[in-house]
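Here, each number is a calculation from the coordinates, and none is a lab measurement. All values reported here derive from a predicted model rather than from experimental measurement. Methodologically, a virtual Cβ is constructed for each residue, glycine included, from the backbone with ideal geometry; neighbour enumeration extends over all protein chains shown.
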Amino acid sequence: MIVEHDKDISYLNMDQLKEQMKAVDAEIFQLKQFIHTFERDQLLKNRKLVLLVDLDQTILHTSLDTSVGNAVGVLQYELGGGRSQRRYQTRLRPHANTFLRNMSQLFEMRVCTLGTREYACKMTSLLDKDGHYFGGRIISREDIDSTTSKRSVLSSQFSVG
């Protein structure tokens, strides 16, 4: 690997590269701890708890089946690019907007989904056009260690203890 510092090029061996990676990991850990502390302090100041809002099969339902045509209350859209582009449809659960409005008064809400970040962003734009409910706080497949369980979110996103 080549590292460039002020136009001085040096080559790193594997041991040096591993040491730099450890240092970067330590900095990332410290930054995450700082963010957790800041978020905790803000939550305490605002007297709110965090509510993870699971998207799929909870607040909305998304499928690949686009056979409903232009049915009322169904959003149709495409995600992905090129050959991986697919057509989806999403229907909000009854009273979803009322639920979100009421819960936003009591909690700091975060979206949680096993879907991709692209999908999560699309759904939050549908649910929260102005960013009042979620404010970009999204936990997606890319943030979760497991593809079948969201339990790891609790330990990775929140300080426990």
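Ratio of Rg to Rh for the range 65-129, alpha carbon only, Kirkwood?
Here the Rg-to-Rh quotient is 1.01.
Within 10 Å, count the other beta carbons around each residue, average over each peptide in 104-113, 75-84, 88-97, and list them highest first.
104-113, 88-97, 75-84
Could you list which residues have their amide H under 5 Å from that of residue 51, counting only those 5 or more apart in sequence or on another chain, with H placed in the peptide plane?
Here 108, 109, 110 satisfy the definition.
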